[in-house]
Amino acid sequence: MTRAIILGAGVMGTSFGLPLSDRGMEVRLVGTHLDRQLVAGMKQDGVHPRLRAPIGERFSLYDDTDIERAFAEPADLVVVGVSTPGVSYAIEKLSRHMRGKPAIVLLTKGIAEGEGGIEILPDTMARAFARQGIGHGPIGAVGGPCIAGELAVRRDTTAIIGFREPGLAATWAAAIATPYYTLRHTEDLVGLEICAALKNFYAIGVSVPQGQAEIRPASNGAGLHNATASLFNQAVNELSAIVAASGGNPSTAQGLAGLGDLHVTCQAGRNSRLGRLMGAGSSYADAMGGPLKGETVEGTLVAQTLAGPLAALAAAGRLPESAVPLARSIIAAVTANRPLAPAWDRYHLTA
């Protein structure tokens, strides 16, 4: 039987385990120190407290004090389902406890600043393992439009898995897919991961008109859907440009990993809520100190990281500043607390 170990018992890690379980895999779900109440709840009644859905039949549950036992036997697949701030925690735990060289799949979304541009999280992890002299298997990722609550109740979902190694993504896609979970595959890991991280970031900007409509209602009840569509298209264009400048395939941004994931992210969640609040007139500081106090808004973590890589790409002549005006506006709003207002005259320009 294939054994999968999932590190992180939040909503995404737990829901991703469901198709694995339904495909007959042994799933060991390991909570972090932040997941103790979630693990305790699942042990009590088999229902994830936040998803409000039953876990898979082949799940076994471990809290963070049990991590050594969870990894006692080698896994075929290790899944990292922690939040972006937890990446260093995951690297430390895998460095200490992982046996053998299983394939590793990241559900975590984020980027780091690399030499001359963006570093994707699989490369961050590989570099950390190399520094410690730790051998490891291939590191890939899953992206695309997936709301955890829908997957947790077997709602139809189509996502995409990526590895650089030829054929490996296709192999795991076939092994994981179920009638309700369609999994496409790609070898463009750079494009997949940049889209996975930046869709959270761009959802902030795309959601601004929704907030503007709330404070500037039209006499006939008209919304600002035209403006939202324009920003959505601009975001996808910028995603394509950033992926291409980073060595990925720009068409990845036009598919499930980019356009598809951005669409679902704009429907709800903390990133779109921040955009709506800023569109309604709140500053970043006011929004994060008020309605979103204590929340992790992962798009803002990208904003705090992205300025350096974009500047490096511009300095290298690979991505002019004029190609990413929406990105620059979101970065300024988050890092300098400036108003986030669309700059319509800078969008949709041809080179």
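Some observations on this one:
- The chain: angle of helix 11-22 to the longest principal axis, Cα-based, in degrees nearest 10: 50 degrees
- Degrees separating the helix 189-206 axis from the principal Cα axis of the chain, which is the longest one: 50 degrees
- In order along region 335-343, phi translates into HN-Hα couplings of 8, 10, 6, 8, x, 9, 10, x, 10 Hz, rounded to whole numbers, per the Karplus curve 6.51 cos²θ - 1.76 cosθ + 1.60 with θ = phi - 60° and x for Gly and Pro.
- Estimated inter-spin distance, Glu68 and Glu150, nm [label 7 Å along Cα→Cβ]: 4.3 nm
- Vicinal HN-Hα couplings computed from phi for region 108-117 (Karplus, 6.51 cos²θ - 1.76 cosθ + 1.60; Hz; Gly/Pro x): 5, 10, x, 9, 10, 8, x, 6, x, x
- With at most 12 neighbouring Cβ atoms within 10 Å, loop trypsin sites (Lys or Arg not before Pro) (DSSP) excluded, longest segment of the chain: 156-292
- Using R0 = 22 Å, the C-beta based FRET efficiency linking Lys101 and Thr158 works out to 0.15.
- Bridging of Lys43 to lysines at a Cα separation below 24 Å is possible for Lys93, once same-chain residues fewer than 8 apart are set aside.
- Residue list for region 80-118, given a label point 7 angstrom along the Cα-to-Cβ vector of Gln132 and an amide N cut-off under 11 Å: 88-99
- Loop sites here are GluC sites (Glu not before Pro) outside DSSP states H, G, I, E and B with no more than 15 other Cβ atoms within 10 Å. The longest part of the chain free of them is 116-294.
- Alpha carbon convex hull of the chain, volume per residue in cubic angstrom: 140 Å³
- In plain terms, the chain from Ala315 to Arg216 could stretch by 31.6 nm, reckoned as 0.36 nm per residue minus the Cα-Cα distance.
- Angle in degrees between helix 87-97 and the longest Cα principal axis of the chain, rounded to the nearest 10: 10 degrees
- Net charge dipole, region 3-187: roughly 200 debye, given to the nearest 20, about the Cα centre with Cβ charges of +1 for Lys and Arg and -1 for Asp and Glu.
- Vicinal HN-Hα couplings computed from phi for region 316-327 (Karplus, 6.51 cos²θ - 1.76 cosθ + 1.60; Hz; Gly/Pro x): 7, x, 9, 7, x, 4, 5, 7, 9, x, 5, 4
Every number in this text was worked out from the coordinates using simple rules, so none of it is lab data. Source: prediction; values computed, not measured. Note that we place each Cβ from the backbone using ideal geometry, even for glycine, and neighbour counts take in every protein chain shown.
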